[in-house]
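Visitor: Got a structure for you, questions after.
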Amino acid sequence: MKTLGQPNAAWAGDRGEPDPQVRAALSAAAKASGPDDYLAAVAALCAARLLLPIVADGDEGGDGPDPDRHAEMAAVLMTSASGASGVLAFTGLDALQAFDPKARPVPCTLDEVAATAAEVGASAIVVDVAGPHLLVIEGDLIGQLAAGRRLVRMQDGWGWLSVTSGG
């Protein structure tokens, strides 16, 4: 997996508190039966700071220093009973710590999480798996998000916003 870049300066001083509007959108999606609340939650996540949990992967054990033993930090994947994998992301430090208090939070955007999912071949992004409101993003949405697009509400439904640089 690619190395995550330097933390975004926009999150300087971020203490991991969840955005109340994002949590409200996830709550509405969890209670709703139609696609509109789900898409509104995805759109809210497009503008949010998420926390990607990173844990040590490998061998750090043993007695004394051994140059042949080392652990690398890796994003956390979850595997369903059917064998499908999902990248985990959290809306706040409280939700991440409810899942794994030892995981290190890496601030990121939804498109960065989606790019990670695409890179590792995950079929889902699982947001707030330990609560308070689980949301799963799958299918074509991951590809659009990984390409840096943002889901936005339009007058006649939903669309993708893509920012390109002029040259």
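The values are calculated or read from the model by the stated rules, or taken from the named source; none is laboratory data. Predicted model, so just to flag it, every value in this text is computed and none were measured. Neighbour counts run over all protein chains shown; Cβ positions are idealised from the backbone, glycine included.
Visitor: Tell me the residue from G131, G143 that is modelled with pLDDT of 90 or more and closer than 24 Å to K31 by Cα, please.
Guide: On the way: G143 fails: closer than 24 Å to K31 by Cα.
Answer to the check: G131.
Visitor: Further question: Would you point out the residue of segment 86-115, among those that are in a loop (DSSP other than H, G, I, E, B) and surrounded by 17 or more Cβ atoms within 10 Å (Cβ to Cβ), that is modelled with the lowest pLDDT? Don't jump to the end; show me each part of the working.
Guide: So in segment 86-115, the residues in a loop (DSSP other than H, G, I, E, B) come out as 91-92, 100-103, 109.
Narrowing further to those that are surrounded by 17 or more Cβ atoms within 10 Å (Cβ to Cβ): 91-92, 103, 109.
On the way: T91: 97, G92: 96, A103: 89, T109: 93.
Once the filter is applied, the top-ranked residue is A103.
Visitor: Can you name every residue in segment 41-60 that is modelled with pLDDT of 85 or more and over 14 Å from L110 (Cα atoms)?
Guide: Result: I54, single match.
Visitor: Among the candidates A122, A118, A130, which residue alone is among the small types (G, A, S) and either within 15 Å of A44 (Cβ to Cβ) or part of a helix (DSSP H, G or I) (or both)? Step through it out loud before you land on a result.
Guide: Numbers: A122 fails: either within 15 Å of A44 (Cβ to Cβ) or part of a helix (DSSP H, G or I) (or both); A130 fails: either within 15 Å of A44 (Cβ to Cβ) or part of a helix (DSSP H, G or I) (or both).
Criteria check complete, one pass: A118.
Visitor: Here is a follow-up. List every residue pair whose Cβ atoms sit under 6 Å apart, with the two residues 6 or more apart in sequence or on different chains, where the first one lies in segment 130-143 and is free of Cβ contacts under 8 Å to residues at least 40 places away in the same chain and the second, anywhere, is surrounded by 14 or more Cβ atoms within 10 Å (Cβ to Cβ) and assigned to a loop (DSSP other than H, G, I, E, B).
Guide: Here the result reads none, with nothing in segment 130-143 linked to a residue that is surrounded by 14 or more Cβ atoms within 10 Å (Cβ to Cβ) and assigned to a loop (DSSP other than H, G, I, E, B).
Visitor: If I ask for residues that are assigned to a strand (DSSP E or B) and either modelled with pLDDT of 90 or more or surrounded by fewer than 14 Cβ atoms within 10 Å (Cβ to Cβ) (or both), which ones from segment 74-85 would you list? Before you say what the answer is, go through the steps one by one.
Guide: Filtering segment 74-85 down to residues assigned to a strand (DSSP E or B) leaves 74-75, 77-79, 85.
Selection gives T79, S85.
Visitor: Does at least one position in segment 13-25 carry a residue that is modelled with pLDDT under 95, part of a helix (DSSP H, G or I) and not small (G, A, S)?
Guide: no
Visitor: Also: In segment 84-110, what count of residues is obtained for those that are more than 23 Å from R15 (Cβ to Cβ) and in contact with a helix residue (DSSP H, G or I) (Cβ under 6 Å, 6 or more places away or on another chain)? Before the answer, list the steps.
Guide: As a first pass, look at segment 84-110 and keep what is more than 23 Å from R15 (Cβ to Cβ): 84-87.
Those still in the list that are in contact with a helix residue (DSSP H, G or I) (Cβ under 6 Å, 6 or more places away or on another chain) too: 87.
Qualifying residue count for the region: 1.
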